[in-house]
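Novice: So that we are looking at the same thing, I have put the structure below in structure tokens.
The values are calculated or read from the model by the stated rules, or taken from the named source; none is laboratory data. What you see is a predicted model, and the numbers here were worked out from it, not measured in a lab. Cβ atoms come from the backbone with ideal geometry, glycine included; neighbour counts cover every protein chain shown. Protein only, heavy atoms only, side chains kept; ligands, DNA and RNA dropped before computing areas. Shrake-Rupley method; radii C 1.70, N 1.55, O 1.52, S 1.80 Å.
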Amino acid sequence: MYLLEEKIYFWLLCIIPVLVLLFIFLSYWRYRAQRKYAEKHMLSHLIPDRSWFKPILKLVTISVGILFLVIALVNLKAGTKIETVKREGVDIVFAVDISKSMLAEDIAPSRLEKSQQLVTQIINNLASDRIGLIAYAGSAVPQLPITTDYSSAKMFLQSMNTDLVSSQGTAIAEAIQLAESYYSEDTEASKVLVIISDGEDHEGEALDYAEAAAENGIRIITIGVGTEKGGTIPIKRNGIVREFKKDRDGNTVITRLNSETLEEIASLGNGVYIDGTVTASVIEKLKEELSGIDKVEFESQQYADFESQFQWFLGFGLFFLFLDIFYLEKKTAWLKKLNLFNE
């Protein structure tokens with residue numbers, strides 16, 4: 001297992017193609033200048049010790065040296081062993097609404113992007129809880145099982161979009177049902193389901209499933225994303241709004257936050273409803289809610305003893321740059337004496 005601590009330094013690798021372009025330009029300019037004084041077949045007699053290979057070797061050596069120095073700046077860290085550590089927390093499953101109504105921009109930048117931001121910030125503020133991820137629209141699909149790998153969760157979260165589920169709608173009931181299968185039957189950890197949605201439940205069974213989930217020990221917290229005033233659903237191509245979604249009668253669809261449904265789901269699920277407009281407020285209220293839940297100790301495996309490996313790459317980088325000093329642009333005398341090609 002490894003970590004790249006300062007990935008921004010990878011941009012310095014752009015120096016290498018710049019050097020290659022400069023080398024090509026300089027070689028062409030030098031060739032043109034030499035042709036002004038002698039024909040091509042005469043150059044080997046005028047400058048017999050001139051090596052055509054050495055400049056390329058110097059370029060490769062400098063480029064390899066730069067590559068190693070950049071990796072040293074990035075500071076590669078390697079995990080030397082896996083440790084089993086004890087953690088204390090709860091099992092939290094995030095169910096994110098990815099229906100077309102989540103494209104509405106009544107809350108900036110859009111309901112879906114706001115939902116992704118909210119879940120990302122919530123994960124950043126968690127300490128040792130295990131998390132899972134579900135995406136749902138007309139149906140619910142699993143994204144990430146219960147895990148302590150927060151990095152993977154955020155990666156899957158950012159890849160969510162409205163095309164992930166072909167059937168449209170807002171099947172909150174199916175999301176609750178799928179979430180129940182996430183929790184291990186033999187676990188003693190408290191179970192929390194966080195539903196992020198605009199509340200437009202087209203299936204109508206969410207309340208019954210929320211009540212059933214509460215009876216199975218699952219606490220449901222709902223976060224409403226959107227406004228009561230609502231907004232249109234833009235249809236974009238190449239990032240440009242071409243039109244707005246219309247109903248069968250040709251009228252522009254206005255989608256509104258249905259906070260009442262989300263409040264009822266939370267109430268029946270022994271949880272709370274949180275307005276998702278202000279991120280800091282959401283995190284604060286969620287922390288307050290989670291603090292009242294009993295936490296259970298569990299074991300998880302993770303890489304430990306990460307050590308910086310930059311010194312190796314720094315050494316190799318300096319070695320290649322130092323080696324370049326000894327490369328002259330003349331032919332190597334002892335190789336020339338060998339006369340390998342019987343010239």
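Novice: How much accessible surface does residue 12 have with a 1.4 Å probe, in Å² rounded to 10?
Specialist: Accessible area of residue 12: about 70 Å².
Novice: Note down the accessible area of residue 236, probe 1.4 Å, to the nearest 10 Å².
Specialist: Surface open to solvent at residue 236 totals about 100 Å².
Novice: Here is a follow-up. Compute the Cα gyration tensor for the range 141-209, then decide on rounded, prolate or oblate, letting a ≥ b ≥ c be the square roots of its eigenvalues: rounded whenever a/c is under 1.5, prolate when a/b is larger than b/c in the other cases, and oblate in all that remain.
Specialist: oblate
Novice: Greater than 27 Å separation of Cα atoms is the criterion. Which listed pairs, 154/285; 154/229; 114/295; 191/229; 154/245, meet it?
Specialist: Correct reply: 154/229; 114/295; 191/229; 154/245.
Novice: Report P(r) for the range 211-314: all Cα-Cα distances, bin width 5 Å, range 0 to the bin holding the largest distance, values in whole percent.
Specialist: Pair shares across the bins are 2, 9, 11, 12, 12, 10, 11, 9, 9, 7, 5, 3, 1, 0.
Novice: While we're here: At 1.4 Å probe size, with every protein chain present, just tell me what the per residue accessible area of the range 123-259 comes to in Å².
Specialist: 49
Novice: How high is the FRET efficiency between residue 216 and residue 242 when r is their beta carbon distance and R₀ equals 56 Å, given to the nearest 0.05?
Specialist: Computed FRET efficiency for residue 216 and residue 242 comes out at 0.80.
Novice: How would 146, 240 rank on accessible area, largest to smallest, probe 1.4 Å?
Specialist: So, going from the largest accessible area down, we get 240, 146.
Novice: For the range 84-227, which whole-number percentage of the solvent-accessible area (1.4 Å probe, protein heavy atoms only) is attributable to carbon and sulfur atoms?
Specialist: Heavy-atom surface of the range 84-227 belonging to carbon and sulfur, 1.4 Å probe: 43 percent.
Novice: Using heavy-atom solvent-accessible surface (probe 1.4 Å) with all chains present, what is the largest-first order of 130, 219, 32?
Specialist: Most to least solvent-accessible, the answer reads 32, 219, 130.
Novice: Would you rank 243, 188, 307 by solvent-accessible area, highest first, keeping every protein chain in place and using a 1.4 Å probe?
Specialist: 188, 307, 243
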